[in-house]
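The values are calculated or read from the model by the stated rules, or taken from the named source; none is laboratory data. Because the structure is a prediction, the values reported are computed rather than measured. Note: ideal-geometry Cβ built from the backbone for every residue, glycine included; neighbour counts use all protein chains shown. Accessible surface is based on the protein model in full, side chains and every heavy atom, while ligands, DNA and RNA are left aside. Shrake-Rupley method; radii C 1.70, N 1.55, O 1.52, S 1.80 Å.
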Amino acid sequence: MKIFFRTVIGLSLLSVLLTAALVGAEKPEELKQGKGQSLNKAAAQTKNNAVLNINNFVTWMRADGQGQNPFDANFNGSQFPRGTSHPIFADNFVWGGKAYLDAARTQPAPIQLIRVGGGTYNVGNQVGWINGTGASATAVSTGDTRARIYRIRRDYTTMAAEELRRDAAENNLVGVSSVSDADVAVVVQQYATDWDEWPTDLGAPYIERNGIPGYQKPNVVGGKAVFDANFTVDSLISGNYDEPGVAGTDPKSPANQVIWTVFNDLNPTNMNNFAGSLPMGLEGQITLWGYKRGDALGNLYFNRIKLINKGGADVGGGAKGALYIDSMFVCQWSDPDLGNAGDDLSGNDSALGVGFVYNGNSVDADYARFNLPPPAIGYDFLAGPTVAGAPTDTAIFDLKKKGGFRNLPMTSFSWFAAGALDQPLFNYEISLRWWKSLRGFLANPSTAPDLFYPGPPGAPPTKFPLGGDPFAGTGSLDGLGTNYSPQPGDRRLVLSTGPFLLAPNDTQEVTMGVVAGLGGDRLSSVAVMKANDAAVQTTYNLVFQVSQAPASPIVTATELDGKVIIEWGSNVGRVKATETTVSQPGNYTFEGYNLYQLPLANSPRSEWRRIATYDVQNTTAVILDTEFDLTSGQFLSKPVQFGSNSGVKRYFELGRDYVRDIDKVYNGQEYYLVVTAYSRAIDAGFAAALESSPIVTTVRPKKPFGFTPNSEFADAVPVTKVGTSD
């Protein structure tokens with residue numbers, strides 16, 4: 001959780017410029033904590049908040065567009081790695097432009113030419129869509145039952161029991177041991193409800209497969225879209241059914257989990273409370289999605305905002321209508337709290353289009369509780385708004401290629417310290433300062449001239465301050481204790497794109513990739529984050545054609561005196577899905593199983609002990625791939641899977657402690673095991689191997705009171721085959 005009392009960064013020029021305006025302003029942390037939620041826990045999860053938790057980066061989204069905000073404001077809304085500390089306290093989109101009444105942009109809108117919307121801690125949006133356009137545009141009632149956030153996960157009916165319990169725990173912000181069967185049932189039911197009620201008519205994305213225009217619900221039984229014994233998640237692709245969710249140019253590679261919400265800016269009170277601006281008449285739609293992967297794609301998620309100029313804004317004299325928003329900019333704002341918020345640093349890489357946060361000290365107090373070095377978190381500006389380009393240009397809009405257009409890149413990077421723009425002033429001055437920041441200038445008073453951020457002596461002015469390389473120690477870096485590079489502290493990031501025109505009925509979108517990296521120390525974490533960002537960019541360049549890792553094995557355990565037997569072969573359906581599915585692109589085929597022992601249930605991957613690999617007997621053994629090497633700072637060929645053509649087994653007897661290197665296991669002591677499946681790419685140009693998401697199985701040897709087995713482990717049972725069965 002955020003620390004409320006902070007050290008003032010006296011050397012921050014931006015803080016100095018804003019001090020006078022902020023005297024007496026409420027702390028953003030207190031503001032957020034004080035907002036609360038009007039709904040009870042169950043209703044808040046269903047109506048107002050949803051968690052994306054498909055991989056190693058957990059993040060919450062609120063229905064009005066504020067990111068990292070769970071239903072209980074006493075908890076942080078992000079985790080990386082999953083089950084450890086929080087890297088981000090809050091994030092959101094902010095946008096602004098010049099409002100005109102006419103297409104020629106000669107008649108400024110009344111009262112306020114420059115208008116700013118979106119949100120930080122205070123949010124200018126309200127949940128729900130806009131009905132109608134222009135003068136007839138009105139916001140739907142926030143009490144409408146469909147004005148809520150939606151979350152789907154395509155494998156929810158086949159999730160292992162451990163997966164479901166962890167999902168329920170994260171949904172309820174409690175430990176797994178506190179989860180009841182009823183809690184699990186609520187999560188499953190909500191997945192089923194959101195799958196059936198997925199609001200494509202309101203703009204929620206769907207995957208077109210059947211060739212019939214529009215969305216047709218898959219497998220409607222009793223008026224609802226359902227999975228059943230005869231219709232599984234595999235049926236969606238094999239049967240060419242439309243499907244709720246996200247996919248790019250390949251409808252056979254959908255995202256594994258998707259969150260969607262819609263909101264609008266037609267509530268004048270909300271807009272005033274954020275930045276003192278009048279409504280602009282915009283509807284916003286957020287789509288958040290992630291992939292169930294254990295490689296780089298398992299350390300990131302994607303976030304797209306779609307802005308539609310529908311109208312209903314004040315155009316003077318009490319009349320309503322649509323405005324022409326000229327010279328418009330959109331930014332990704334973030335308040336990253338990398339564990340302990342008081343020692344963060346910021347930076348950017350304009351070539352990659354990434355703004356990032358990393359730690360200023362070698363040890364972060366909060367991450368140290370998990371025996372982890374501090375990670376680094378980056379926001380990758382994958383695609384800005386679509387504008388006219390050369391005939392040879394290609395933009396990506398609505399996850400499709402669009403010839404003759406181009407996507408605007410990140411056009412500026414801004415940063416500021418705690419107690420600056422994120423403080424709502426409830427007057428128009430904050431909008432005018434945001435207007436400066438959106439264009440890459442210092443957010444100084446509106447009466448002052450536009451100023452570039454200060455930089456190293458002799459360096460030319462730039463809209464990308466602090467653009468050096470922390471890992472290499474080169475260029476302009478944060479944390480030096482100067483006027484342009486303050487000592488470590490609480491930071492805010494602003495990544496902007498623009499300008500563009502948003503005319504009435506126009507739609508524009510911005511797509512971000514939020515990516516994490518965990519290295520051996522604070523600086524190598526930046527290098528790993530940038531290496532993982534290559535997966536973000538590759539996925540975007542392929543227009544979200546994403547190969548799927550094998551299905552996670554379902555493990556059962558038998559706890560005996562001084563040993564534990566685990567097996568993952570009795571669930572025939574899961575074995576078939578794991579071992580026979582070929583994933584595209586890349587032509588990934590099943591190769592083997594890995595068995596790991598963990599020191600603790602939430603131990604980082606670096607502490608896992610691989611104790612067995614059972615792989616297919618073929619010409620492939622050890623699998624090599626190109627990975628980032630922390631020591632050299634280079635991409636090198638390294639082993640990523642360690643097969644030996646031993647043959648596939650689906651059981652194991654645990655009789656020794658591999659973590660502590662002891663030739664026995666003790667009755668009553670907990671041991672933590674993970675079984676994964678991995679596949680290899682047949683085609684070149686893809687990640688060499690994919691490994692299933694880990695599911696931790698906790699076992700405890702014990703004496704089997706009142707029971708004496710009549711057979712020993714690995715005894716054969718004679719079978720006489722009758723008939724023609726397999």
Sequence-distant lysines (8 or more away, or on other chains) whose Cα lies within less than 23 Å of residue 98: 306, 310, 320, 436, 463
FRET efficiency (residue 181, residue 452; Cβ distance; R0 56 Å; to 0.05) is 0.40
Is region 570-669 rounded, prolate or oblate when judged by the Cα gyration tensor, a ≥ b ≥ c being the square roots of its eigenvalues, rounded requiring a/c under 1.5 and prolate requiring a/b larger than b/c? oblate
Mind ordering 512-520, 630-638 by average Cβ neighbours within 10 Å, highest first? 512-520, 630-638
If the viscosity is 0.890 mPa s and the temperature 25 °C, what translational diffusion coefficient in µm²/s does Stokes-Einstein give for region 444-518 when Rh comes from Kirkwood over Cα pairs? 155
Pick out, from 513, 100, 347, the residue whose Cα sits farthest towards the positive end of the charge dipole of the chain, with +1 on the Cβ of Lys and Arg and -1 on the Cβ of Asp and Glu. 100
Please calculate the 1.4 Å probe accessible area of residue 558, with all protein chains present, and give it to the nearest 10 Å². 70
Could you derive backbone 3J(HN,Hα) for region 369-381 from the dihedral phi with the Karplus parameters 6.51, -1.76 and 1.60 (θ = phi - 60°), listing whole Hz in sequence and x where the residue is Gly or Pro? 4, 10, 6, 10, x, x, x, 10, 10, x, 10, 9, 7
Of all accessible heavy-atom area on region 150-273, the percent that carbon and sulfur account for (1.4 Å): 52
From phi via Karplus (6.51, -1.76, 1.60), per-residue ³J(HN,Hα) for region 463-474 in Hz, x at Gly/Pro: 8, 10, x, 6, x, x, 10, x, 5, 7, x, 10
Taking all protein chains together and a probe of 1.4 Å, list 201, 102 from the most accessible to the least accessible. 201, 102
Residue 109's amide H: which non-local residues (gap 5+, or another chain) put their own amide H closer than 5 Å, with H modeled 1.01 Å from N in plane and none for Pro or chain starts? 99, 100, 101
With +1 on the Cβ of every Lys and Arg and -1 on the Cβ of every Asp and Glu, and nothing else charged, how large is the dipole of region 427-530 about its Cα centre, in debye rounded to the nearest 20? 100
How much length would be gained if the chain were fully extended between residue 161 and residue 601, taking 0.36 nm per residue of separation minus their Cα-Cα distance, in nm to one decimal? 156.8 nm
Which of 645, 205, 488 sits closest to the plus end of the dipole of the chain, meaning its Cα is farthest towards the positive end, when Lys and Arg get +1 and Asp and Glu get -1 on the C-beta? 205
With r defined as the distance between the Cβ atoms of residue 351 and residue 653 and R0 fixed at 60 Å, what FRET efficiency is calculated, to the nearest 0.05? 0.70
Order by accessible surface, 1.4 Å probe, largest leading, for residues 302, 686 comes to 686, 302
Rg/Rg_globular for region 474-586, with Rg_globular taken as 2.2 N^0.38 Å and Rg from C-alpha atoms: 1.80
My understanding is that a pair violates if its Cα-Cα distance is over 23 Å; which of 252/576; 576/664; 649/703 do that in this structure? 576/664; 649/703
Rounded tilt (10° steps) of 181-197 against the dominant C-alpha axis of the chain: 60
Gain upon complete extension [residue 645, residue 363; 0.36 nm per residue less C-alpha separation]: 97.3 nm
Quote the accessible area belonging to residue 680 in square angstrom, nearest 10, computed with a 1.4 Å probe and with ligands, DNA and RNA left uncounted. 60
Under 5 Å, built H, 5+ apart or other chain: amide partners of residue 623: 640, 641, 642, 643
Calculated from DSSP helices alone, with each H run of at least 4 adding -39500 (n - 2.57) and the total divided by the residues of the chain, [θ]222 nm to the nearest 500 comes to -4500 deg cm²/dmol
Here FRET efficiency (C-beta to C-beta, residue 228 to residue 558, R₀ 51 Å, nearest 0.05) is 0.95
In nanometres, the difference between 0.36 nm per residue of separation and the alpha-carbon distance of residue 400 and residue 188 is 73.1 nm
Note down the magnitude of the dipole of the chain about its Cα centre, charges +1 on Lys and Arg C-beta and -1 on Asp and Glu C-beta and zero elsewhere, to the nearest 20 debye. 580
Lysines whose Cα lies under 17 Å from that of residue 47, excluding same-chain neighbours fewer than 8 positions away: 35
Return the lysines within reach of residue 217: Cα separation strictly under 16 angstrom, same-chain partners fewer than 8 residues apart disregarded; answer none if there are no such residues. none
Write down the accessible area per residue of the chain in Å², having rolled a 1.4 Å probe over the full set of protein chains. 39
Kindly identify region 239-317 as rounded, prolate or oblate by the Cα gyration tensor criterion: order the square roots of the eigenvalues as a ≥ b ≥ c, call it rounded if a/c is under 1.5, otherwise compare a/b with b/c, prolate if a/b is larger, else oblate. prolate
Region 619-726 -> Rg/Rh from Cα coords, Kirkwood Rh, value 1.09
For residue 538, tell me the accessible area in Å² from a 1.4 Å probe, rounded to the nearest 10. 80
Rank these by accessible area, largest first, 1.4 Å probe: 682, 130. 682, 130
